């Protein structure tokens, strides 16, 4: 039963956005429910106290906000690269794209290090490893659900 509930919660992220014909809670509300359920699952599986869980939640919310910013910058670099490739460009523009990619990779590495340091202030190294694995499983499951939903583009 718990697994079915978990899958349904994750599936909530797959609900079409506002303006769709599907009834039900708005996408943001479903995402928040999934986020809370995932945080509670982490707290339970890592055997954290409520206080540790709250401190961990703060670290994860901080890192998620940082990751969203990195994802935005990644999309910008992709768009700039597409414009460069389709519209042509000179070496100065190409160098600027390469520099932007390098800065982004450095930022991603710094974010990983800082997140890990903050996590280690709250949980043990073994718990950090388990948390990372849980997060990777969660992301893989979301990707599977997105790919298998009706109307999803096929990947071949």
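Brief remarks on what is shown
- Taking a ≥ b ≥ c as the square roots of the eigenvalues of the Cα gyration tensor, the range 32-97 is prolate, since a/c reaches 1.5 or more and a/b is larger than b/c.
- Estimated FRET transfer efficiency (residue 85, residue 35; beta-carbon r; R0 35 Å; 0.05): 0.45
- Length gained on full extension, residue 111 to residue 68, computed as 0.36 nm times the residue gap minus the Cα-Cα distance: 14.3 nm.
- Centroid-to-centroid separation of the range 68-92 and the range 120-148 [C-alpha atoms, Å]: 29 Å
- At an R0 of 41 angstrom, the distance between the Cβ atoms of residue 121 and residue 99 translates into a FRET efficiency of 0.80.
- Gyration tensor verdict on the range 43-154 (Cα atoms; rounded if a/c is under 1.5, prolate if a/b is larger than b/c, oblate otherwise): oblate
- Between residue 141 and residue 128, the contour length at 0.36 nm per residue exceeds the Cα-Cα span by 2.7 nm.
- Per-residue Cβ neighbour rank within 10 angstrom, fewest leading, 45, 121, 108: 121, 45, 108
Quick note: the coordinates plus some simple rules give every number you see, no bench work behind them. On a predicted model such as this, the values are computed, not experimentally measured, just so you know. Reconstructed Cβ throughout: ideal geometry from the backbone, glycine too, with neighbour counts over all protein chains shown.
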